[in-house]
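The values are calculated or read from the model by the stated rules, or taken from the named source; none is laboratory data. Quick caveat, the model's predicted, so the values are computed rather than measured. FYI the Cβ positions are ideal-geometry reconstructions off the backbone, even for glycines, and counts take in every protein chain you see. Accessible surface areas use protein heavy atoms only, side chains included; no ligands, DNA or RNA. Shrake-Rupley method; radii C 1.70, N 1.55, O 1.52, S 1.80 Å.
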Amino acid sequence: MVISMKRVLLTLMAFLMLVMTINSLTFAAEGIDVQITDALGDKPMTTENVKHKHIKSVTAITEVFGDGQKVTAVAVECDKEIDNSKLTESTFSVNGRTITKVYANTAAAKAALGVNGKYAIIELSTADEGALTFVPIFGETPKIAEAKVSVTQLGEIITTDGEKYTPDSNAVVNDQVINLVVDDFKQIEYKDPKTGKTLKYNLFVPNNYDKNKSYPMVLFIHDAGVTSTETKATLIQGLGAVIWATPSEQAKHECFVLAPQYASATVNDNSETTDDLDTTVSLINSLESQYKIDKNRLYTTGQSMGCMSSIALNIKYPNLFAASLLVAGQWDPTVVAPLVKDKLWIIVSEGDVKAFPGMNAITATLEKAGAKISRATWNGQLSAAEFASDVSKMIAEGKSIKYTVLKKGTVVPADQIDDGGNNHRYTWRIAYTIEGVRDWLFTQERSPKL
């Protein structure tokens, strides 16, 4: 019995020593790649945890479109310069995504043409179901997903000095993210000394800001579907905020961009407002004291709730904004008389069951009060050049209020139901892409109202 017990103990000790040896060899041995997954067991962890001898980092690149922010590329950084001519679309796979282009670059950035460099750039289809990081859930708080990509090297990577990096079956998840344009905004909180309320907001300051010159500022107010405590939600839900801060836009119209993030609705369908709008005006005044902002070139724009909020601000603060771009909204037509001398560009969809009749009533009221209004119906599927032509025609009429209606049947994508809700939401996915309308805004300056 004693001998039997000793044998058991000796066997157990030998087994424990064997396990410890295997663990030591597995996790400490140089050059061994280990597949590590997250708690769900189906996603590999970042490059910090998975050993890839030649891959130093993986960066997801996002861009914002009319329908929200999407992961559009991955930058895989290697330890040596890569031969661009040897990369193909089959060199990598990205889990759940469609690769459209692969090339080398000297930086973690997309480019028109590849060049030899340490980064392999993998461009991804924007049509992929998993591309979006901003997922609207109508009637609920939108879902904001982390920008994550899982990359596997399927083919050889050849360096400029001829070294071959063999394929590696271990997938790696990005450990860095570059959010184009969104990262250029500051996230700040403003506490209104009058009301004590705190308002979260995003602020873009021109890259070459010079305190010796003044700059216009665009205020963008988001729709009710984006109400959230996540400060960046208004930046990633569509183009309304970020379009003004893009490099191409700043090259033409250097300006500040203010994009508040409201935790709850600022207005309702009864044309009632909350004091969040008063806090917004206090915030504007505060920024004017901090930066050299041109008070004669303040502009407001917004979609749906943001459009309604802009109308309400123009009524309550009648000489604050030089001009307004109003997208897909409505208001009580019996109280809009203060807008009669305003410079407005209104864009709605003919199929929007609220905004279209609502804006018809507003413009009719203003016209009776003496406003000069240009009206036109546009095809929402026009090319940039065709939109530019229509914009020029409307501007040439020289009227202070411009009312553009997007024709029903040209607003909602073919794979979506052409109903009132979609006509409403897809209006702003078109409106902010029209360059000439944006250009018009910056030509306006505040003038005293009569």
**Study point:** For segment 377-389, Karplus couplings with θ = phi - 60° (6.51, -1.76, 1.60), whole Hz, Gly/Pro x
**Key:** 10, 10, 7, x, 9, 5, 6, 4, 5, 5, 4, 4, 5
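What whole-number value in Å² describes the accessible area per residue of the chain for a 1.4 Å probe?
47 Å²
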Check your understanding: Between GLU445 and ASN270, what FRET efficiency follows from the Cβ-Cβ distance if R0 is 30 Å, with the result rounded to 0.05?
Key -> 0.35
Review point. So what's the Cα pair-distance distribution over the chain, bin width 10 Å, in %?
Key: 4, 18, 25, 20, 14, 9, 5, 3, 2, 1, 0, 0
**Study point:** Net lengthening on full extension, LYS148/LYS393 (0.36 nm per residue, minus Cα-Cα)
**Key:** 83.7 nm
Check your understanding: Round to a whole number: what % of the accessible area of segment 63-221 belongs to carbon and sulfur, probe 1.4 Å?
Key -> 47 percent
Review point. So what's the net charge close to THR231: Lys and Arg +1, Asp and Glu -1, counting the other residues with Cβ under 11 Å from its Cβ?
Key: +1
Exercise for review: Anything over 18 Å Cα to Cα? Flag those among LYS232/LYS252; LYS341/LYS402; LYS213/LYS292; LYS343/LYS399; LYS252/LYS402, in the order listed.
Suggested key: LYS232/LYS252; LYS252/LYS402
Check your understanding: Looking only at segment 264-295, which residues have a backbone nitrogen under 15 Å from a spot 7 Å from the Cα of THR141 in the C-beta direction?
Key -> 264-265
Exercise for review: Determine, for each peptide in 438-447, 60-69, 411-420, the mean count of other beta carbons within 10 angstrom over its residues, then list the peptides with the highest first.
Suggested key: 60-69, 438-447, 411-420
**Study point:** Sequence-distant residues sharing a close amide H with LEU406 (under 5 Å, placed H)
**Key:** VAL348, SER349, GLU350, TRP378
Review point. Counting Lys and Arg as +1 and Asp and Glu as -1, what is the net charge of the other residues whose Cβ lies under 12 Å from the Cβ of TRP378?
Key: +2
Point to revise | Residues of segment 71-108 with amide N under 17 Å of the 7 Å Cα→Cβ point at ASP183 | key: 71-78, 105-108
Practice item. Please find the FRET efficiency linking THR334 to THR100, where r is the Cβ-Cβ separation and R0 is fixed at 56 Å, and quote it to the nearest 0.05. Key: 0.60
Point to revise | Long-range HN-HN contacts of GLN261 with modeled amide H, under 5 Å | key: LYS200, TYR201, ASN202
Revision key, fill the gap. Whole-Hz Karplus couplings 3J(HN,Hα) for segment 239-245, θ = phi - 60° and coefficients 6.51, -1.76, 1.60, Gly and Pro as x, run 8, x, 8, 6, 4, 6, 9
**Study point:** Mean ellipticity per residue at 222 nm, deg cm²/dmol - from DSSP H runs of n ≥ 4 across the chain, formula -39500 (n - 2.57)
**Key:** -8000 deg cm²/dmol
Review point. Which percent of the accessible area of segment 261-325 is formed by carbon and sulfur heavy atoms (probe 1.4 angstrom)?
Key: 42 percent
**Study point:** Those lysines that a straight Cα-Cα span of less than 17 Å connects to LYS110, excepting residues fewer than 8 apart in one chain
**Key:** LYS70, LYS101, LYS118
Point to revise | Residue-count net charge about ASN422 - beta-carbon cut-off 12 Å; Lys, Arg +1, Asp, Glu -1 | key: -2
Check your understanding: If we sort 192-199, 265-272 on the protection proxy, mean other Cβ atoms within 10 Å, highest first, what's the order?
Key -> 265-272, 192-199
Practice item. Find how much the distance from ASP419 to SER214 grows on full extension, using 0.36 nm per residue of separation minus their present alpha carbon separation; answer in nm with one decimal. Key: 69.4 nm
